[in-house]
Structures are given as C-alpha cells and as structure tokens.
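**Student:** Here it is, the structure, as structure tokens.
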Amino acid sequence: MNWAQTIGPATADLFERIIASKRHPEQGYRSCLGILRLGKQYSSLRLEAAARRAIALRACSYPSVKSILECNLDSQPIEPVVPSKPAIDHPNIRGSEYFDNNEPPILP
C-alpha cells in the first residue's frame, strides 16, 4: 500500500478495493504487483489516471487497468454517470401486479 501511495491516492484506493474484493487479501497482492509493474512501462501519471478511470467504471482489476493504459483511455475525460429517468406514471401502463397472477385484474 505504501508503494501505491507514492504513485497517488487513486492508485492506493484501487489497491484497497482489489484487496478487499478477494476472499483472502493475499490473492489481491499479485494483481497489485502487476499494476505496479505497469508503472514501469507507462508513467506514474498515466497509471494514476488509469486507476481513477478504473474506480469510476468499477473495473478494479489488473486486466482492466492494463486495457485502459493500452487503449490510451486514461487520457480521455471520465464521463459522468447520467441518472436514469424515473418510471412513467400513467393509468394505461400496467404494473408488475398485472403479470403476477393468472387472474385478470379488475379494472376501474
């Protein structure tokens, strides 16, 4: 974790998420070491940007970070998540209770 802190806060956060996602923390160490090794091939700035993107996409794994770096996605801005639109409330739209049983609903 100290090595990740030297790269940046997003990388440290990514490592914490990877280790927390594994049943045994030791299983996450290999992924983290692989990501640190990517820092030798790519710059620390790019690795930090890739870590930020991986966290935003909830793709916290070595293959995801490697793909982000290979495709130069770390240099592109992260698009904000657009909230979904609320369901339409209209009297002609059937709800789930219409399909729950075999009996036809009683219409007003």
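The values are calculated or read from the model by the stated rules, or taken from the named source; none is laboratory data. As the structure is a computational prediction, the values presented were derived from the model and not from experiment. Glycine gets a Cβ as well: all are built from the backbone with ideal geometry, and neighbour counts include every protein chain shown.
**Student:** Which one is modelled with the lowest pLDDT among residues in region 1-19 that are of a type in the set (V, I, T) and surrounded by 14 or more Cβ atoms within 10 Å (Cβ to Cβ)? Talk me through it step by step, then tell me what you get.
**Tutor:** Taking region 1-19 as the starting set, the residues that turn out to be of a type in the set (V, I, T) are 6-7, 11, 18-19.
Then keep just the ones that are surrounded by 14 or more Cβ atoms within 10 Å (Cβ to Cβ); that gives 7, 11, 18-19.
Details: I7: 87, T11: 92, I18: 92, I19: 91.
Checked region 1-19; the qualifying residue modelled with the lowest pLDDT is I7.
**Student:** For A56, indicate whether it is among the small types (G, A, S), out of contact with any helix residue (DSSP H, G or I) (no Cβ under 7 Å at 6 or more places or on another chain), at pLDDT 90 or above and exposed (fewer than 13 other Cβ atoms within 10 Å of the Cβ).
**Tutor:** No.
**Student:** Checking D74 against (1) touching a residue at least 12 places away in the same chain (Cβ under 8 Å); (2) farther than 19 Å from R37 by Cβ, only one condition comes out false. Which one?
**Tutor:** (2)
**Student:** Quick one: count up the residues across region 1-40 that are within 26 Å of E79 (Cβ to Cβ) and not β-branched (V, I, T). Break it down into steps so the answer makes sense when it comes.
**Tutor:** Taking region 1-40 and keeping what is within 26 Å of E79 (Cβ to Cβ), we get 4, 7-18, 20-21, 31, 35, 38-39.
From what's left, not β-branched (V, I, T): 4, 8-10, 12-17, 20-21, 31, 38-39.
Qualifying residue count for the region: 15.
**Student:** Return the total of residues in region 10-29 being within 23 Å of S44 (Cα to Cα) and in contact (Cβ under 8 Å) with a residue 24 or more places away in the chain.
**Tutor:** Result for region 10-29: 6.
**Student:** Residue under question is R53, and the condition is that it be part of a helix (DSSP H, G or I) and within 15 Å of the chain's Cα centre (by Cα); does it hold?
**Tutor:** Taking the combined requirement at face value, the residue satisfies it.
**Student:** Can you give me the number of residues within region 56-90 that are in a loop (DSSP other than H, G, I, E, B), among the charged types (D, E, K, R) and more than 18 Å from A12 (Cβ to Cβ)? Explain how you work it out, then say what you get.
**Tutor:** Within region 56-90, the subset in a loop (DSSP other than H, G, I, E, B) is 57-61, 71-72, 76-90.
Then keep just the ones that are among the charged types (D, E, K, R); that gives 58, 79, 85, 89.
If we keep only those that are more than 18 Å from A12 (Cβ to Cβ) as well, we get 79, 85, 89.
Number satisfying all stated conditions: 3.
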